[in-house]
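S.K.: One structure, as structure tokens, below. Some questions next.
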Amino acid sequence: DAGVIQSPRHEVTEMGQEVTLRCKPISGHDYLFWYRQTMMRGLELLIYFNNNVPIDDSGMPEDRFSAKMPNASFSTLKIQPSEPRDSAVYFCASSYAMNTEAFFGQGTRLTVV
Amino acid sequence: GIQVEQSPPDLILQEGANSTLRCNFSDSVNNLQWFHQNPWGQLINLFYIPSGTKQNGRLSATTVATERYSLLYISSSQTTDSGVYFCAGVRSNDYKLSFGAGTTVTVRA
């Protein structure tokens, strides 16, 4: 397997624009997680899915953030409208089951100017 | 999620030196992982080690679950070992992988 695949790797956008980050989990993994990494807050969980269903989105910072998983092989994290404070590295991760090893994608570095 | 404390926050090593990184967690865990974040930002899985000891080349890890800590050993360090090392844990019957703040390792030639 190619591992967790994220796109794009880098994104630079202007404040107010919509941003969509994409993730393809490892095949057969039932859990998908979106994390955000910043200098101030470190790595924090935004939302996670089990079998394509969002289970806990309490980490999503604001209503401007939304995530979907239309099928087992694809998830999106959308920010609309984007703000400079959303600048961070966004990671997607997947695992086979609860409390099993999680594998992370290469991340998307988002810069909002 | 649980609270995860890592020490030391920074470590500077001469190439060839050995070192130990520590991770303390606030509650019992069913999942404990060590990651290496390389200079390009990738999070590389090092160990999945809820308990016991594992070795992978020059790296080894030990988790003492009853005492809520884990150790990562780096032997004969190389410049490619530079980066940030994270540990992360999941409480029993939970799903949230909580990360420590990381240990930044710099290996000098």
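S.K.: If R₀ is 35 angstrom, what is the calculated FRET efficiency for the pair B:ASN93 and A:LYS78, using the beta carbon separation as r and rounding to 0.05?
M.R.: Taking R0 as 35 Å, the efficiency between B:ASN93 and A:LYS78 is 0.70.
S.K.: Moving to a separate point now. Each label point is 7 Å from the Cα along the Cα-to-Cβ direction; what then is the distance between the points at A:GLN17 and B:GLN55, in nm?
M.R.: Rounded to a tenth, the inter-label distance reads 5.2 nm.
S.K.: So which cysteines of the protein assembly as shown have no other cysteine's Cβ under 4.7 Å from theirs?
M.R.: none
S.K.: Now for a different question. Which lysines, on any chain, are close to B:LYS54 with Cα under 27 Å apart, when same-chain ones fewer than 8 places away are left out?
M.R.: B:LYS96
S.K.: Tell me the net charge near B:GLN14. Cut-off is 13 Å between Cβ atoms, B:GLN14 excluded, with +1 for each Lys or Arg and -1 for each Asp or Glu.
M.R.: Residues near B:GLN14 contribute -1 overall.
S.K.: With a 10 Å Cβ neighbour count serving as the proxy for reagent exposure, in which order, fewest first, do B:ILE2, B:ILE49, A:ILE55 appear?
M.R.: Ordered from fewest to most neighbouring Cβ atoms within 10 Å, B:ILE2, B:ILE49, A:ILE55 come out as A:ILE55, B:ILE2, B:ILE49.
S.K.: In addition: Starting from the Kirkwood radius over alpha-carbon pairs of the protein assembly as shown, derive D by Stokes-Einstein at 4 °C in a medium of 1.567 mPa s and give it in µm² s⁻¹.
M.R.: 72
S.K.: Of all the C-alpha pairs in chain A, what % are more than 18 Å from each other?
M.R.: 44
S.K.: What is chain B's relative contact order, in percent, from Cα pairs under 8 angstrom and six or more apart in sequence?
M.R.: On the way: 295 pairs, mean separation 42.2, N = 109.
Computed value for chain B: 39 percent relative contact order.
S.K.: On average, how many beta carbons from a partner chain sit within 10 Å of the beta carbon of a residue in B:92-103? List each step's numbers first, then the result.
M.R.: Numbers: counts 1, 2, 2, 12, 7, 11, 4, 6, 2, 3, 2, 0.
Mean shielding count: 4.
S.K.: Between A:SER27 and B:GLN14, what FRET efficiency follows from the Cβ-Cβ distance if R0 is 30 Å, with the result rounded to 0.05?
M.R.: Working: r = 43 Å, r/R0 = 1.43.
Efficiency, rounded to the nearest 0.05: 0.10.
S.K.: At a Cα cut-off below 14 Å, give the aspartates and glutamates reachable from A:LYS78, other chains included and same-chain residues fewer than 8 away excluded.
M.R.: Hits, sequence-local ones excluded: A:GLU11, A:GLU18, A:ASP57, A:GLU62, A:ASP63, A:ASP86.
S.K.: With a sphere of radius 10 Å drawn around the Cβ of A:CYS92, what net charge do the other residues whose Cβ falls strictly inside it have (Lys, Arg +1; Asp, Glu -1)?
M.R.: Residues close to A:CYS92 contribute a combined charge of +2.
S.K.: Can you tell me, using C-alpha contacts under 8 Å and at least 6 residues apart, the relative contact order of chain A as a whole percent?
M.R.: 37
S.K.: Okay, moving on. Calculate one ³J(HN,Hα) per residue across segment B:45-59 by plugging θ = phi - 60° into the Karplus curve 6.51 cos²θ - 1.76 cosθ + 1.60, and present them in order as whole Hz with x for glycine and proline.
M.R.: 5, 9, 9, 10, 8, x, 7, x, 10, 9, 9, 9, x, 7, 9
S.K.: How long is the gain from B:THR106 to B:TYR69 if the chain were fully straight, where each residue apart is worth 0.36 nm and the alpha carbon distance is subtracted?
M.R.: 11.0 nm
S.K.: Kindly provide the chymotrypsin sites (Phe, Trp or Tyr not before Pro) of segment B:1-73 that DSSP labels as loop, not H, G, I, E or B, and whose Cβ sees at most 10 other Cβ atoms within 10 Å. Mind showing how you got there, number by number?
M.R.: Values: sites: B:PHE25, B:TRP34, B:PHE35, B:TRP40, B:PHE47, B:TYR48, B:TYR69, B:TYR73; in loops: B:TRP40.
Answer by residue number: B:TRP40.
S.K.: What is the local net charge at B:VAL29, summed over the other residues whose Cβ is closer than 10 Å to its Cβ (Lys, Arg +1; Asp, Glu -1)? Could you put the intermediate results ahead of the total?
M.R.: Values: positive: B:ARG68, B:ARG91; negative: B:ASP27, B:ASP94.
Taking every Cβ under 10 Å from that of B:VAL29, the sum is 0.
Laboratory data are not the source of any read-out in this text; all were calculated from the coordinates shown. Since we're looking at a predicted model, the values are computed, not measured. With ideal geometry, Cβ positions are generated from the backbone for all residues, glycine too; neighbour counts draw on all protein chains shown.
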